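**Student:** Once you've had a glance at the structure underneath, I'll fire off some questions.
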Amino acid sequence: YILVGETVNICPEFTVFKMNNSNETAIGIDSQLQVSNLIYSLCVWLLLLTPVTVLDLLLLVAIATEKSLPKTVKIVLANLLIACLVAALGLTMISLAKIILILCNCSEHSDGACRVMFWLITGGGAARLSFMATYAVLIYIIVKFQVKGISSYRIWFAVVIVWIISMGYNAVIFSPEILEVAFVDGVTCTPHSSGFATYLYTGIYIVIFCIGGFTLTAVIPIVTLRFIKKNTITGDVSIHRAMAKFSLFLLIGNIINFLGQALPLIFTLA
């Protein structure tokens, strides 16, 4: 927005306009902008984030009460949904924080709170991508070595490792050298590149979580289905085949996740 007046630097991070004879115009533009931001945030929260969160919770309950699924599969799928909820929590916090800042017309902002939200989004997103790949690998092991050959303790160990790597790696977001935080229009918590460190962090994230998780989720189910087709499988083959096909269904979700996780990080570097 172009306002008539001269700019005055209040601090190195922000520039504001000193008004001459355009106070009414500026107030009108600012009010329209705040109303637009409020409506947008409410729509995202109520029409997108809330239904997704409720659906994830219902699926989590359904998986927990499902008796036909092997326990090891239920553990991985449950943590996959929990990872989705963690990322959704971060996005919900950003939308709610934006609504609160607009309604209260607050001038003070918390850099730390923004970093917590970004950490939940990136960490939960990384865990979600990783658990999709973990599920694909688990189904291959179940088909090839049978369910009895897998210990629940080993699955829990793998789950803990995934969470530690996903949340631990993205904890570097709390460092200003990795990521800078600013408030667009005074209400929108936005990440910005701080230089080479951001490029390095983003590159590793994309290679390990996005490309790595996507590749495993794409390749392993195909290998599993080919194994079922070429070998004699004992037990209920239809269940094994259904779980393998479900891995391919997760591939569609992983494509969306790949774009959803990688593109924002790439845009952050701009």
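**Student:** Go ahead and run the numbers for FRET between Thr215 and Ser36, Cβ-Cβ distance against an R0 of 41 Å, rounding to 0.05. Kindly include the intermediate steps, with their values, before the conclusion.
**Tutor:** Values: r = 40 Å, r/R0 = 0.98.
Using R0 = 41 Å, I get an efficiency of 0.55.
**Student:** Modelled label-to-label distance, Ile204 and Val61, 7 Å Cα→beta-carbon offset: nm?
**Tutor:** For the pair Ile204/Val61, the computed spacing is 4.0 nm.
**Student:** What FRET efficiency comes out for the pair Asn231/Lys71, r = Cβ-Cβ distance, R0 = 30 Å, nearest 0.05?
**Tutor:** Values: r = 24 Å, r/R0 = 0.81.
Using R0 = 30 Å, I get an efficiency of 0.80.
**Student:** Working only with C-alpha atoms, what are the Rg and Dmax values of the range 85-183, expressed in angstrom?
**Tutor:** Radius of gyration, then largest Cα-Cα span, for the range 85-183: 18.4, 60 Å.
**Student:** Express the accessible area of the range 34-175 per residue in Å², computed with a 1.4 Å probe while the remaining protein chains stay in the model.
**Tutor:** Numbers: 7140 Å² over 142 residues.
For the range 34-175, the solvent-accessible area averages 50 Å² per residue.
**Student:** FRET efficiency for Ile161 and Asn105, Cβ-Cβ distance as r, R0 = 51 Å, nearest 0.05?
**Tutor:** 0.65
The values are calculated or read from the model by the stated rules, or taken from the named source; none is laboratory data. Predicted model, so just to flag it, every value in this text is computed and none were measured. FYI the Cβ positions are ideal-geometry reconstructions off the backbone, even for glycines, and counts take in every protein chain you see. All accessible areas refer to the heavy atoms of the entire protein, side chains included, with ligands and DNA or RNA removed. Shrake-Rupley method; radii C 1.70, N 1.55, O 1.52, S 1.80 Å.
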